[in-house]
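Presented below is the structure to which this report refers.
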Amino acid sequence: MEMKRENPTIELCPGITRRTVAHGKNMYQMMATLAAGSRMPPHSHAQEQLVHILEGKMRLIVDGVAHELSTGDSFYLASNVPHGVETILPTRVLDTFSPPRDDYLAIDKQKMAGDQ
């Protein structure tokens, strides 16, 4: 029996990293760690996304409207809706996507192959 390697930590932008937690045929889940003061520029993707704040405080800007989220809060993002982040306090987020983020899984695979 082979032990599964831990998924790599990938930098999304300065001060913001992600690590794949789990994925299946229809879903993908990742842990994001955001440093205070970090920002993710507005972007969009085909996947629906559930954002759940495990700890911290951030501003989620959805289609130009700011939503302040803190520990325990969740937010649903529909497909192709522009959104970005401004981090207020150090924050950890559990993000779930459907369908899976095949782009992120491909980056994980490439990173793990390069680490061998």
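The values are calculated or read from the model by the stated rules, or taken from the named source; none is laboratory data. Predicted, not measured: the structure shown is a model, and the values here were computed from it. Cβ sites come from the backbone with ideal geometry, for glycine too, and all protein chains shown count toward neighbours.
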Selected residue (only one of 57, 4 is modelled with pLDDT under 95 and either of a type in the set (D, E, K, R) or in a loop (DSSP other than H, G, I, E, B) (or both)): 4
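Tell me, yes or no, whether region 18-30 has at least one residue that is part of a strand (DSSP E or B), surrounded by fewer than 12 Cβ atoms within 10 Å (Cβ to Cβ) and either within 13 Å of the chain's Cα centre (by Cα) or among the hydroxyl-bearing types (Ser, Thr, Tyr) (or both). Steps first, please.
Going through region 18-30, the residues part of a strand (DSSP E or B) turn out to be 18-23, 28-30.
Okay, now just the ones that are also surrounded by fewer than 12 Cβ atoms within 10 Å (Cβ to Cβ), so 22.
Remaining after also requiring either within 13 Å of the chain's Cα centre (by Cα) or among the hydroxyl-bearing types (Ser, Thr, Tyr) (or both): 22.
Scanning region 18-30, I find at least one residue that is part of a strand (DSSP E or B), surrounded by fewer than 12 Cβ atoms within 10 Å (Cβ to Cβ) and either within 13 Å of the chain's Cα centre (by Cα) or among the hydroxyl-bearing types (Ser, Thr, Tyr) (or both), so the answer is yes.
For region 60-79, which positions are more than 27 Å from residue 99 (Cβ to Cβ) and either charged (D, E, K, R) or touching a His at 6+ places or on another chain (Cβ under 9 Å) (or both)?
Restricting attention to region 60-79, the residues satisfying the condition of being more than 27 Å from residue 99 (Cβ to Cβ) are 66, 68, 70-71.
Matches in region 60-79: 68 only.
Give the residues of region 72-109 that are of a type in the set (S, T, N, Q) and either within 17 Å of residue 30 (Cα to Cα) or touching a residue at least 60 places away in the same chain (Cβ under 8 Å) (or both), sorted by residue number. So that I can check it myself, show each step before the final result.
Filtering region 72-109 for residues of a type in the set (S, T, N, Q) gives 74, 79-80, 87, 91, 96, 98.
Correct list: 74, 87, 91, 96, 98.
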Residues located in region 75-116, provided they are outside any strand (DSSP E or B), surrounded by 15 or more Cβ atoms within 10 Å (Cβ to Cβ) and of a type in the set (Asp, Glu): 108
